[in-house]
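Asker: Dropping a structure here in structure tokens format, bear with me for questions.
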Amino acid sequence: MNPDTVHYFNLFLGVGAIVLQILVVVTILLLFLGLKGNKYLAFIKDNFIVLGFFLSLVPMAFSIFYSEVLNYAPCFHCWIQRIFLFPQTFLFGVAWIKKDRNVFWYSLPLLVAGLIDALYLNFVYYFNPSSAPCDATGVSCVQRLVSEFGGYISIPMLALTGFLSLITVLLVVNFYKEEIN
């Protein structure tokens, strides 16, 4: 694939990740403030299954695109994160069809496990690459395959953003109370 096309694709994903990160921060702040009757939080709570489906489908599709189309071999931690992320699309898809709001309880443990690994990988990637559990002879966890916006946007950061956005949606479902006092 043309390197310019890949660069613009990475920029597109980077902008999307930054927008999601901003939305996560705004959502958590609104949730923390405990505002009742907030239309934004009510929308998330009412539509969390559809949001969860698309917030898991998009990273899954892009992960497959990177590995199968661009031939970026996933590192050990990418595989671990895929184990926890890929089922989310199916969990939320079935929940959408069945209108099962209990998907929260099936999804959350997987997301927390994936988030822990994503946090660890981001720490290694950005702050301590010498402690990477893999060496340069194979697929490296710290290889800079994607580096946009001054290196801020990387594959580990994209994964972390995906997990955080899904967990934030689930936090709204669990903690937001819509009643206006």
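Asker: Show log10 I(q)/I(0) for region 25-73 at q = 0.22, 0.26 Å⁻¹, two decimals, from a solvent-free Debye sum over equal Cα scatterers.
Answerer: -0.78, -0.92
Asker: Something else: For the chain, what does the convex hull of the Cα positions come to per residue, in cubic angstrom?
Answerer: Dividing the Cα hull volume of the chain by its residues yields 120 Å³.
Asker: So between Y40 and F149, what do we pick up on full extension, going 0.36 nm a residue minus the alpha carbon distance?
Answerer: 36.4 nm
Asker: List the pairs from K39/K99; K36/K99; K45/K98; K39/K177 whose alpha-carbon separation is above 19 Å, in the order I gave them.
Answerer: Among K39/K99; K36/K99; K45/K98; K39/K177, the Cα-Cα distance tops 19 Å for K39/K99; K36/K99.
Asker: Also: How do 60-66, 100-106 rank on mean C-beta neighbours within 10 Å, highest first?
Answerer: Packing order, densest peptide first, comes out as 60-66, 100-106.
Asker: Could you check how much of the accessible area of the chain is carbon and sulfur, as a whole percent, using a 1.4 Å probe?
Answerer: 71
Asker: What is the sum of charges, Lys and Arg at +1 and Asp and Glu at -1, for the other residues whose Cβ falls under 13 Å from the Cβ of I49?
Answerer: +2
Asker: Another question, if that's okay. Would you list the membrane-span-like helices of the chain, meaning whole DSSP H runs whose alpha-carbon atoms span at least 18 Å along their axis and whose mean Kyte-Doolittle value is at least -1.0?
Answerer: 3-33, 48-64, 76-98, 103-127, 155-175
Asker: Could I ask something else about it? Given H placed 1.01 Å from N in the peptide plane, which residues other than close sequence neighbours of I153 have an amide H under 5 Å from its amide H?
Answerer: Amide H to amide H, under 5 Å and 5 or more residues apart or across chains, I153 pairs with E148.
Asker: Follow-up question, since we're still on this one. Stretch V25-F76 to full length: gain in nm at 0.36 nm per residue minus the Cα-Cα span?
Answerer: Residue separation times 0.36 nm, minus the Cα-Cα distance, leaves 15.5 nm.
Asker: Just subtract the alpha-carbon distance of K177 and S67 from 0.36 nm times their residue separation and send over the number in nm, one decimal.
Answerer: Roughly 35.5 nm would be gained on extension.
The values are calculated or read from the model by the stated rules, or taken from the named source; none is laboratory data. Everything quoted here is computed from the prediction, not taken from an experiment. Cβ sites come from the backbone with ideal geometry, for glycine too, and all protein chains shown count toward neighbours. Accessible surface areas use protein heavy atoms only, side chains included; no ligands, DNA or RNA. Shrake-Rupley method; radii C 1.70, N 1.55, O 1.52, S 1.80 Å.
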